Structures are given as C-alpha cells and as structure tokens.
Amino acid sequence: MMAKKNDSVSLLTKTAILLALALIFQIGLASLAQPVVGPLVNMVLILAVLTTHPGSAVLIGCMTPMAAFMLGIMPLFPVIPVIMMGNISLVLVFSMLKKNVWLAVVLAAMTKFLVMAGLIRILAAFFIPGLPAPILAAMTFPQFFTALLGGFLAVVIDRRLPWKILS
C-alpha cells in the first residue's frame, strides 16, 4: 500500500513540476513567441510521456493552451480546443510509438501538424470566417517544426536525466 501511495505522490509531483516548467516557458518567454516557446512546451509534453504517464502529458497539453488564453498570449478562445487536440495527438502518437523514439517524434510531430491544420481550417471555414491570417498560419506548418524540435530536445534531455545516468 505504501509503495502505491509513493508512486502516486511521485507521479503527481513530476506532473506538477513539468506543468510549472511549461508555464514558466509560456509566461517568461512570451515575447519570443512560437519559434521559442512552441518547441519548449512540446519538449515538456514529450518529457511528460517519458518520465511520468501519457495522462500527465495530456493534462499538461490541455492546461497550457488554457493558461495562454487566460494570460492573453492566445487571444482567441475558439482556437484553444484546436491547440489542445494538437497537443493530445502529439502525446498519444508519441506514447504509442515510443519504443523507437526518433520515429515516434517524427510521426507525432506530423500528426500534430495534420490535426491542427485540419481543425483550424474547419474552424476558419465554418465558425470564424474572419480568423486572422497570422493565427491561421501559426496553427499550420510551423506546428510540425516546433513539435519536431521539441521532441528531439526531450529525447536528448531524457537520456541525460540524473536517474537515467545512474541506471
């Protein structure tokens, strides 16, 4: 019983630390925008899969866009579910394929891009015809590159974490 409780506390602690790290990147580097913050948040999502549980990564992937909206970083609320779905797809695809991490990173990044590009086009076509072009553009191809870079950073960092070195 005690081991199970310790595992739960460890999972919760790691999840909280990773969420805090993602929020620090979003808030502290907000002026650097998508080219810097995007890869760092994606890195945290992949690190969450590698160090905790896919459920923790999904939670972080849903909390960060909400935080971006509440802080005024992402001004359009209807875009938040698009970002959430992109993050969830990144996490789930990576999680399913992580036995080959490099392939998992590439396919997860591609999936995130396809999900977000498709959903943002649907949103623009049917619900927000006047969606600003910069937001539309930011939700498409750049997502592939930010997810790819974030995934590569996560794998490299994960391999150098202290508990990985000792094992």
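A compact table of results
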read-out	value
Residue check, Phe152 aromatic (Phe, Trp, Tyr), in a helix (DSSP H, G or I) and in contact (Cβ under 8 Å) with a residue 40 or more places away in the chain	yes
Whichever residue in segment 77-134 is without any contact (Cβ under 8 Å) to a residue 24 or more places away in the chain and touching a Ser or Thr at 6+ places or on another chain (Cβ under 6 Å) and, among such residues, is farthest from Val49 (Cα to Cα)	Thr111
Candidate set: segment 93-124, residues that are assigned to a helix (DSSP H, G or I) and among the charged types (D, E, K, R); chosen: the one farthest from the chain's Cα centre (by Cα)	Arg121
Checking Leu131 against (1) in a helix (DSSP H, G or I); (2) in contact with a Leu (Cβ under 9 Å, 6 or more places away or on another chain); (3) over 18 Å from Met43 (Cα atoms); (4) aliphatic (A, V, I, L, M), the condition it does not meet	(1)
Where a residue in segment 9-22 is under 16 Å from Ile157 (Cβ atoms) and its partner, wherever it lies, is surrounded by 12 or more Cβ atoms within 10 Å (Cβ to Cβ) and aliphatic (A, V, I, L, M), with Cβ under 7 Å and at least six apart	Leu18/Val44; Leu18/Leu47; Leu18/Ala48; Leu18/Ile60; Leu21/Val44; Ala22/Val41; Ala22/Val44; Ala22/Ile60
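Each reported figure results from applying straightforward, stated rules to the coordinates on display, with no laboratory input. Because the structure is a prediction, the values reported are computed rather than measured. With ideal geometry, Cβ positions are generated from the backbone for all residues, glycine too; neighbour counts draw on all protein chains shown.
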